[in-house]
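Here the structure is laid out as C-alpha cells; the discussion comes afterwards.
Nothing in this text is a laboratory measurement; each read-out follows from the coordinates by a stated rule. Just so it is clear, the model here is predicted, and its values are computed rather than measured. Glycine also receives a Cβ, built like all others from the backbone with ideal geometry; neighbour counts cover every protein chain displayed.
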Amino acid sequence: MMLAQHPLCASSRRRTAAQALALAGLAMLSLARPSLARAADPDQPPSVTVSFGDLDMSTPQGAERLYQRLTIAAAAVCPSYDVGDLQARRVSQLCRKDALSRAIEALHSSEVAAIQAARQGRS
C-alpha cells in the first residue's frame, strides 16, 4: 500500500484506525470496568491517533512499524490490570486483540494483516 496517495486519504485512514481502536476499547472497557465506563463521557470514548504518514507501507519495515504503533495504541485504549488479577488480564488481552484487529481491518492493508496473522500463528 503506497502512501503517496492524496493526503486526505491518509488522513481518513488514520481517523478510521483511531475510531476502530476507540470503539473496541470502549466496548471492552464497559465489559471489564463498568464504573470506569460510566465515568467516561459517552461522546468521547478512549482513543489514540496512530499516524503513519512517515512510513513507507510498500516495505516490510514500514508495515512492521505501523503494526507496532497499532499494538501500542491498542494497549493504551484498553484497561490495565494487576498482575494477580487473571480475569482482568484476560479482559485486557481480549480488548487489545480486538482493538488491534479492528484497526487493521479498517486500514485495508494486506501487509499489516499478514504481520498480524504471522504473529498469531496463522498464515
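Computed quantities for the displayed model
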read-out: Length added when fully stretched, Arg89-Ala75, from 0.36 nm per residue minus Cα-Cα; value: 3.9 nm
read-out: Estimated inter-spin distance, Arg119 and Glu105, nm [label 7 Å along Cα→Cβ]; value: 1.7 nm
read-out: Ascending count of other beta-carbon atoms within 10 Å, so fewest first, for Asp56, Asp98, Asp82; value: Asp82, Asp56, Asp98
read-out: Stretch gain in nm, segment Asp56-Asp82, where the contour uses 0.36 nm per residue and the Cα spacing is subtracted; value: 5.6 nm
read-out: DSSP-assigned coil residues among trypsin sites (Lys or Arg not before Pro) in region 75-123, each with at most 16 further Cβ atoms within 10 Å; value: Arg122
read-out: Residues Val83, Val77, Val48, sorted so that the one with the fewest Cβ neighbours within 10 Å comes first; value: Val83, Val48, Val77
